[in-house]
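Right, one structure below, let's go through it.
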Amino acid sequence: MRTNCKMEYLWLDGYETPNIRSKTRYMTIESEDGSMTVKDIPEWGFDGSSTEQASGNDSDCILKPVSIFLNPVDSTSFPNSYLVLCEVFNKDGTPHPSNHRSSLREACEGTDDLEMWLGIEQEYTVMDPEKGRPYGWPDMGYPQPQGRYYCGVGGDVVKMRDLAHQHAMCCLDSKIPLCGANAEVMLSQWEYQIGPASPTNVCDYLWVSRYILEILAESVGASISLDPKLIKGDWNGSGAHINFSTKFMREVGGKDYIDDVCNSLGESHEDHIANYGVGNEQRLTGTHETQHINEFTYGESDRGASIRIPHSTAEGHKGYLEDRRPASNMDPYKAV
Ligand code: ADP
Ligand code: MN
Ligand code: MN
Ligand code: MN
């Protein structure tokens, strides 16, 4: 069956903190019953010299579709409109150095039996792009100090609720497992949670959910900042806590086992921090619900620790752990 489709190809560029890029392809696609799977979508290419992925005299990079979603943020009424998440490859068929998804795929090979689940809490700040300040902040000075904003209710303490709720609905429409959202500690700072899902899937979901958020923000003249410490001083930064468990942790666990997992995370602390986002040292100061970047600690219900053992996990010594160190701007393919 032949279907006229609008395909928004998404990929990550070559910046140190990757940005999502996209371009649109209108095409007829042959599939069995008109419903698309990623195998039905052809490869495409782009100019890598404009995304820090190639030089101008050898600029072609390859887009390989890896995951497909219904496009919930197409403002036109095009009937078959999809988001196509891609990995970037070199012309010779090798993964491009910026393609950290391919490294994650490799790292996960043979780990299906572990039944790893991951859930990511994405914090972000809605910005007024003309003023370069968080939305609803005064032109000069600061809004009232932190206190009532977190899970706040009321026009004096909450801005952009509609954006947060539209975002949740669009993600769910695209079958992205978004499981919650809340206003955060700073005015115009929000959070949503994705998962739990398998390692590669949760990262794909997070990137597509970030894309959806940017497009919705565009449509109301706002933009999204993932800066981990946007406002210096007595204002919370933004993180992207990674919650994780294996089948064994969920079903068997044990106090010693949970301690072992935490201690082994501690042994790789520096390696982890190197993959948890640029500028994270501004955020991990040991205050504002963080542990200092040079310290590693874990503890039950402790939001000042690197790893929090949620109360529900500590109670029966089984369940999941929360890594509070990753910054809001981390690339999940590297961090996970
Ligand atoms: P908090 O703000 O208290 O840290 P949230 O409710 O914001 O917690 O986020 C919890 C996250 O944990 C969600 O992303 C959810 O998908 C994830 N999660 C829940 N249960 C598990 C589990 N068993 N394994 C891995 N992740 C989990
Ligand atoms: Mn949370
Ligand atoms: Mn939070
Ligand atoms: Mn958390």
Test for Val220: is it more than 16 Å from ligand 3 (Cβ to nearest atom) and buried (at least 20 other Cβ atoms within 10 Å of the Cβ): no
Residues of region 85-136 satisfying the condition of being under 30 Å from Arg25 (Cα atoms), open to solvent by 50 Å² or more (accessible area, probe 1.4 Å) and not in a loop (DSSP other than H, G, I, E, B): Pro95, His100, Ser103, Arg105, Glu106
Test set (1) open to solvent by less than 30 Å² (accessible area, probe 1.4 Å); (2) within 15 Å of ligand 3 (Cβ to nearest atom) - Thr246 fails condition number: (2)
Considering residues of region 181-207 that are open to solvent by 20 Å² or more (accessible area, probe 1.4 Å) and assigned to a strand (DSSP E or B) only, the residue nearest to Pro326 (Cα to Cα): Gln193
Test: residue in region 297-310 that is away from ligand 1 (no atom under 15 Å from the Cβ) and at pLDDT 95 or above: yes
Out of Ser268, Ser264, Ser223, Ser238, sole residue that is modelled with pLDDT of 95 or more and within 16 Å of ligand 1 (Cβ to nearest atom): Ser238
Enumeration of residues in region 175-223 that are among the basic types (Lys, Arg) and over 20 Å from Gly239 (Cβ atoms): Lys175
Scope region 296-330; condition open to solvent by less than 10 Å² (accessible area, probe 1.4 Å), over 16 Å from Met249 (Cα atoms) and either more than 12 Å from ligand 4 (Cβ to nearest atom) or touching a Leu at 6+ places or on another chain (Cβ under 8 Å) (or both); matching residues: Ser306, Arg325, Ala327, Ser328, Met330
Test: residue in region 148-167 that is in contact with a Pro (Cβ under 9 Å, 6 or more places away or on another chain), assigned to a strand (DSSP E or B) and at pLDDT 95 or above: no
Residues located in region 137-151, provided they are open to solvent by 90 Å² or more (accessible area, probe 1.4 Å) and within 21 Å of Lys232 (Cβ to Cβ): Asp139, Met140, Tyr142, Pro145, Tyr150
Filter pass, Glu184 being within 28 Å of Val157 (Cα to Cα), in contact (Cβ under 8 Å) with a residue 40 or more places away in the chain, under 13 Å from the mean Cα position of the chain (by Cα) and within 16 Å of ligand 4 (Cβ to nearest atom): no
Any hit, region 230-243, residues being open to solvent by 20 Å² or more (accessible area, probe 1.4 Å) and assigned to a helix (DSSP H, G or I): no
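The values are calculated or read from the model by the stated rules, or taken from the named source; none is laboratory data. Not measured: the values here are computed from a predicted model. Glycine gets a Cβ as well: all are built from the backbone with ideal geometry, and neighbour counts include every protein chain shown. What goes into the accessible areas is simple: the full protein's heavy atoms, side chains included, and nothing from ligands, DNA or RNA. Shrake-Rupley method; radii C 1.70, N 1.55, O 1.52, S 1.80 Å.
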